[in-house]
Amino acid sequence: MLDNLFSAALTSTELTFTNAILTILTAIALGAIISLTYMKTSPTGYSQSFTLTMVLLPVIVAIIILLIGSNVARAFSLAGAFSIIRFRSAPGDPKDITFVLFTMASGLACGVGAFGYAALFTIILCIIMSILNRTGFGVRKTMQKTLKVTIPENLGYEEAFAEVFAKFNVAYELKKIRTTELGSLYELVYAVTIDEHTSQKELLDAIRCRNGNLDLSLTMSPTLTEY
């Protein structure tokens with residue numbers, strides 16, 4: 001019975017008013033489910049524009065598929081029209097890109113009339129994403145950061161903070177050394193790996209005692225160009 005239901009859905013791809021309304025409503029419902037799943041699995045925050053986009057994107061894709069149908073000439077015409085559009089934005093998070101592809105696939109399934117399959121894989125993937133987020137799958141127990149420390153010239157920079165790093169169980173690598181204040185000070189740049197249970201304040205206080213309370217900074221999200 002289920003096979004008959006899903007196979008029947010694949011044949012209802014002709015452009016009629018009833019089919020168009022059903023396709024749009026189904027795409028909106030599935031887009032809303034995907035958007036809600038994204039919001040629930042994004043504890044660090046999200047933008048309203050992105051969540052709204054995930055609701056509307058399946059509808060747009062489904063409408064495009066409905067308009068194209070099996071007409072090859074119409075497909076090339078739409079491709080030429082959409083090639084005029086240019087999207088310029090910063091590279092997104094891999095998770096955001098995954099959700100965009102997720103919504104597009106959902107809209108594509110609705111556009112070809114596979115409503116049963118669209119609902120099936122949407123529900124399954126949303127459940128999988130919720131479970132992975134709830135179980136903390138892939139969450140790192142350590143944090144990689146960039147530590148910049150200014151020290152006086154009379155303090156040997158090779159092992160200046162080795163004792164402090166060992167005390168707090170911090171893995172470190174000296175990445176860069178440069179002089180400041182006409183050579184009277186050194187600025188050291190470390191790549192450090194800090195355990196989630198390590199007190200960052202106590203670590204920085206210990207470093208301040210060693211470098212004479214000179215400038216220091218701890219970058220929370222270092223980039224490759226930081227060094």
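Rule-based calculations on the coordinates, nothing more; no lab input. Since the model is a prediction, treat every value here as computed from it, not as a measurement. Glycine gets a Cβ as well: all are built from the backbone with ideal geometry, and neighbour counts include every protein chain shown.
Things worth noting here:
- Amide hydrogen neighbours beyond the local backbone of residue 175, cut-off 5 Å, H modeled: 189, 190, 191
- For residue 185, the residues 5 or more places off, or on other chains, whose built amide H falls under 5 Å of its own are 180.
- For segment 52-64, backbone phi angles converted through the Karplus equation (6.51, -1.76, 1.60; θ = phi - 60°) give residue-by-residue couplings of 5, 4, 5, 6, 8, 4, x, 5, 4, 5, 4, 5, 4 Hz, Gly and Pro being listed as x.
- Sequence-distant lysines (8 or more away, or on other chains) whose Cα lies within less than 25 Å of residue 148: 167, 175, 176, 201
- Relative contact order (%) - segment 142-226, alpha-carbon pairs under 8 angstrom, separation at least six: 47 percent
- Estimated from the Cβ-Cβ distance and a Förster radius of 41 angstrom, the FRET efficiency linking residue 24 and residue 139 is about 0.60.
- Length gained when the stretch residue 181-residue 199 is fully extended (0.36 nm per residue, less Cα-Cα span): 3.4 nm
- Rg to Rh quotient for segment 142-226, alpha carbon positions, Kirkwood Rh: 0.94
- Applying the Karplus relation 6.51 cos²θ - 1.76 cosθ + 1.60 with θ = phi - 60° to segment 107-113 yields 3J(HN,Hα) values of x, 5, 5, 5, x, 8, x Hz, where x marks Gly and Pro.
- Whole-Hz couplings from phi, Karplus 6.51/-1.76/1.60, listed for segment 129-137; x for Gly and Pro: 5, 5, 5, 4, 5, 5, 7, x, 4
- Each label point was placed 7 Å from the Cα along the Cα-to-Cβ direction; for residue 121 and residue 46 their separation is 2.0 nm.
- Extended-chain gain in nm, criterion 0.36 nm per residue less alpha-carbon gap, residue 64 and residue 159: 27.9 nm
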